[in-house]
Amino acid sequence: VLYVLVQLGSDRYALPARDIVEVLPLVALKSLPGALRGVAGLLDYHGTAMPVVDLSALALGQPAALRVSTRLLIVRYLPPHGSERLLGLLAERTTEMIKWDPRDFSPAEVSGGARFLGPVVHDPRGLIQRIEVSELLTPELRAALFPEIVEVSR
Amino acid sequence: MNIPPSILPDGAVATLDACWKRIGIWGDRTCPELSGHGHCHNCPVYATGAARLLDTEVTPAYLTSGARHYAQAKIETRPGAKSAVVFRVAGEWLALPTPVFQEIAPVRTLHSLPNRRGALVSGLVNIRGELLLCLSLPIALGLAPTGEPLPSTARYAVVGRGAERFVFVVDEMVGMHRYDYQTIAPVPATLAHAHAVHTCGLLHWRERPVGLLDDERLFSTFNEGLA
């Protein structure tokens with residue numbers, strides 16, 4: 001399976017390429033004053049407004065660096081209830097893709113980190129942890145970005 | 001035109017010392033490191049240059065030009081996802097999916113089989129030491145054979161699907177054509193029956209309608225004709 005590598009802080013993370021629709025360069029976003037932490041703004045994506053989440057701000061509380069290697073990934077987000085949405089994701093150092101067998105990943109022994117961080121894989125440059133796109137948004141963020149999704153669980 | 005903005009901000013390349021263009025593989029090749037690395041691709045300086053370009057800070061103009069571009073409506077271009085070989089048989093322009101073609105061979109001696117005159121099987125052809133059945137495409141499609149001698153452009157087309165291999169004669173191999181399946185026009189109702197059942201649609205190739213043959217149907221007709 002093909003993975004897109006991104007950087008978060010000083011570590012590398014992998015996103016399954018099948019969750020990614022398109023990789024855009026960094027573009028100007030319509031900012032959303034007063035939005036929750038991690039929300040970078042709104043992208044005018046071919047005429048439709050798409051919420052964009054800053055991975056770095058979401059996990060580390062620090063916005064992504066404005067560099068060429070920071071890219072805007074359009075990902076398929078499948079909420080727990082409801083149908084698939086497109087979501088923008090700002091990620092630093094989106095410059096590499098690697099193929100791994102999904103069986104190469106082993107569960108991260110420590111839990112309690114960010115909920116979207118999944119199993120890890122060994123790489124010559126260190127451990128790389130998988131990002132679970134469906135777990136990216138907390139219920140509060142999901143309700144803020146996609147208010148039309150009805151929470152059945154509550 | 002909807003041209004995507006450059007991936008690098010203006011002026012990013014100018015700050016870089018592109019030694020690979022000066023003394024490297026794209027320059028006069030006087031770099032002392034070059035003999036050790038063989039090619040600038042293997043040199044760490046080259047890799048660092050790429051990393052530096054990726055680390056360039058973006059400018060507001062870069063951000064807004066990108067935003068403008070992706071705000072525009074998406075223009076769907078359809079490069080041909082499928083490919084067919086176009087050829088001429090009995091005055092008809094026809095095409096078959098490229099993957100069924102195994103070889104195009106010059107016309108050579110056809111070994112006729114007894115009691116097969118006017119039938120689907122024209123004879124046996126030696127293709128690289130293997131005797132293959134040569135079938136008549138006009139008869140399979142219900143076209144009237146022109147009865148003219150084969151032109152100098154005639155070729156043997158060796159086609160195969162799985163273990164089945166056949167040869168048929170074309171009057172001319174025209175070329176390959178890439179198309180998108182959504183651009184296939186429906187088969188006109190006026191087409192003769194046997195021809196129509198073998199045609200899955202019409203392609204437009206150089207302003208000319210070309211009948212795209214259904215390879216599965218054609219191979220089953222070939223097989224039935226042999227039974």
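Looking at A:LEU55, A:LEU86, can you tell me which residue is farther than 24 Å from B:GLY49 by Cα, buried (at least 23 other Cβ atoms within 10 Å of the Cβ), away from every other protein chain (no Cβ under 12 Å) and in contact with a strand residue (DSSP E or B) (Cβ under 6 Å, 6 or more places away or on another chain)?
Answer to the selection: A:LEU55.
Return the only residue of A:ALA144, A:ALA108 being over 25 Å from A:GLU22 (Cβ atoms) and either among the charged types (D, E, K, R) or surrounded by 12 or more Cβ atoms within 10 Å (Cβ to Cβ) (or both). So that I can check it myself, show each step before the final result.
Working: A:ALA144 fails: over 25 Å from A:GLU22 (Cβ atoms).
When all the criteria are applied, what remains is A:ALA108.
Quickly run through the range B:196-217 and pick out the residues that are farther than 15 Å from B:THR98 by Cα and assigned to a helix (DSSP H, G or I).
B:ALA196, B:VAL197, B:HIS198, B:ARG217
Being more than 13 Å from chain B (Cβ to nearest Cβ), without any contact (Cβ under 8 Å) to a residue 40 or more places away in the chain and closer than 21 Å to A:ALA17 by Cβ is the filter here; which residues of the range A:58-79 pass it?
none
Identify all residues within the range A:24-47 that are exposed (fewer than 15 other Cβ atoms within 10 Å of the Cβ) and farther than 11 Å from B:TYR70 by Cβ; write none if there are none.
Passing the criteria: A:LYS30, A:SER31, A:PRO33, A:GLY34, A:ARG37.
Return the only residue of B:VAL158, B:VAL170 being surrounded by 18 or more Cβ atoms within 10 Å (Cβ to Cβ), more than 16 Å from B:ALA90 (Cβ to Cβ), hydrophobic (A, V, I, L, M, F, W, C) and in contact with a Leu (Cβ under 8 Å, 6 or more places away or on another chain). Quick ask: steps written out before the conclusion?
On the way: B:VAL170 fails: more than 16 Å from B:ALA90 (Cβ to Cβ).
Answer to the selection: B:VAL158.
Name the pairs: first residue in the range B:38-51 and touching a residue at least 24 places away in the same chain (Cβ under 8 Å), second residue small (Gly, Ala, Ser) and open to solvent by less than 60 Å² (accessible area, probe 1.4 Å), Cβ to Cβ under 8 Å, at least 6 apart or on different chains?
So the pair list comes out as B:TYR46/B:GLY24; B:GLY49/B:ALA18.
Tell me, please, whether a residue that is more than 10 Å from chain A (Cβ to nearest Cβ), among the hydrophobic types (A, V, I, L, M, F, W, C), open to solvent by less than 50 Å² (accessible area, probe 1.4 Å) and over 30 Å from B:VAL169 (Cβ atoms) can be found in the range B:74-91.
Within the range B:74-91 (the criterion being more than 10 Å from chain A (Cβ to nearest Cβ), among the hydrophobic types (A, V, I, L, M, F, W, C), open to solvent by less than 50 Å² (accessible area, probe 1.4 Å) and over 30 Å from B:VAL169 (Cβ atoms)), the answer is no, since none of the residues qualifies.
How about the range A:2-32: which of its residues are away from chain B (no Cβ under 14 Å) and farther than 14 Å from A:PRO102 by Cα?
Listed by number, the residues that qualify are A:LEU8, A:GLY9, A:SER10, A:ASP11, A:ARG12, A:TYR13, A:ASP19, A:ILE20, A:LEU32.
Which one of the conditions (1) assigned to a loop (DSSP other than H, G, I, E, B); (2) open to solvent by 40 Å² or more (accessible area, probe 1.4 Å) does B:TYR46 fail to meet, given that it meets all the rest?
Status for B:TYR46: all satisfied but (1).
For the range B:27-39, state whether one or more residues are surrounded by fewer than 11 Cβ atoms within 10 Å (Cβ to Cβ), modelled with pLDDT under 85 and away from every other protein chain (no Cβ under 12 Å).
Looking through the range B:27-39, none of the residues is surrounded by fewer than 11 Cβ atoms within 10 Å (Cβ to Cβ), modelled with pLDDT under 85 and away from every other protein chain (no Cβ under 12 Å).
In the range A:130-147, what residues are of a type outside the set (Phe, Trp, Tyr), in contact (Cβ under 8 Å) with a residue 24 or more places away in the chain and not in a helix (DSSP H, G or I)?
Once the filter is applied, which keeps residues that are of a type outside the set (Phe, Trp, Tyr), in contact (Cβ under 8 Å) with a residue 24 or more places away in the chain and not in a helix (DSSP H, G or I), the range A:130-147 yields A:ARG130, A:ILE131, A:LEU136, A:LEU137.
The values are calculated or read from the model by the stated rules, or taken from the named source; none is laboratory data. This is a predicted model, so every value here is computed, not measured. For neighbour counting, all protein chains shown are included, and Cβ atoms are generated from backbone atoms with ideal geometry for every residue, glycine included. With ligands, DNA and RNA removed, areas are computed over all heavy atoms of the protein, side chains included. Shrake-Rupley method; radii C 1.70, N 1.55, O 1.52, S 1.80 Å.
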